[in-house]
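In what follows, a structure is listed as C-alpha cells, so that the remarks can point back to it.
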Amino acid sequence: MVHCSSGHKHALQEILSDPMVMTRLSDTKYAQESKTLDRFYELLANDPSRAFYGYNQVYKAAERGGIEVLMVTDGLFRSSDIPTRRKYIDLVEKVKENGGEVMIFSSMHVSGEHLGQLTGVAAILHFAMSDLEDEELDVPLFSLEDENNNEK
C-alpha cells in the first residue's frame, strides 16, 4: 500500500514514482518508459544537442543514423490517417535499420501523455547534432501563403 495526495489520474504518477513501487515495477514497460522519458528531459536540459522532439528534427537525425532511442506515441504510430501512419512507420523502420531502439508509448499512461505534449515523437541521440537545433520547426509560425493573403 502506498499513500497519494488524491484519487485522481495525475496521482498515478505520484504513486509510480515512489521508490518502493519503482523497485517492484523495475522490469515493467512503464518503468522503462519513465526512465527513458526522464533521461530525455535531463538531456534536453543539460545537453540539448542530443535530445530532440518534433517530426522534422527527429527524422533528420534518423537519416544521419544518430538516434539511440526513438519515442513515439501509439496515437501517431497507429493513426487512422494513412499518410501520417506511413511516415511514422517509415521513421521507426529507419531507426531500427540503423540499430536504434524504438519505444511506442501508450497514450493511456502518464508517460505517453507527457510525450504527447512534446508533439508525440522524441529522440535521444548517440552523439550531439547541434546543427539540428537550427532546423525549421514542425509548425511554422506563419507561411508565405498567409502573408500573401494578408496583403490582398
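Read-outs: derived from the displayed coordinates by stated rules, not from any lab. Please read all numbers here as calculations on a predicted model, not as lab measurements. Cβ coordinates were reconstructed from backbone atoms using ideal geometry, including for glycine residues, and neighbour counts include every protein chain displayed.
Please give, to one decimal in nm, the separation of the simple spin-label points placed at residue 5 and residue 82, each 7 Å out from Cα toward the Cβ. Rounded to a tenth, the inter-label distance reads 4.8 nm.
Length available on full extension from residue 96 to residue 46: 0.36 nm per residue minus the Cα-Cα distance, which gives 15.4 nm. Each of 125, 43 was scored by other Cβ atoms within 10 Å of its Cβ. Arranged with the fewest first, they read 43, 125.
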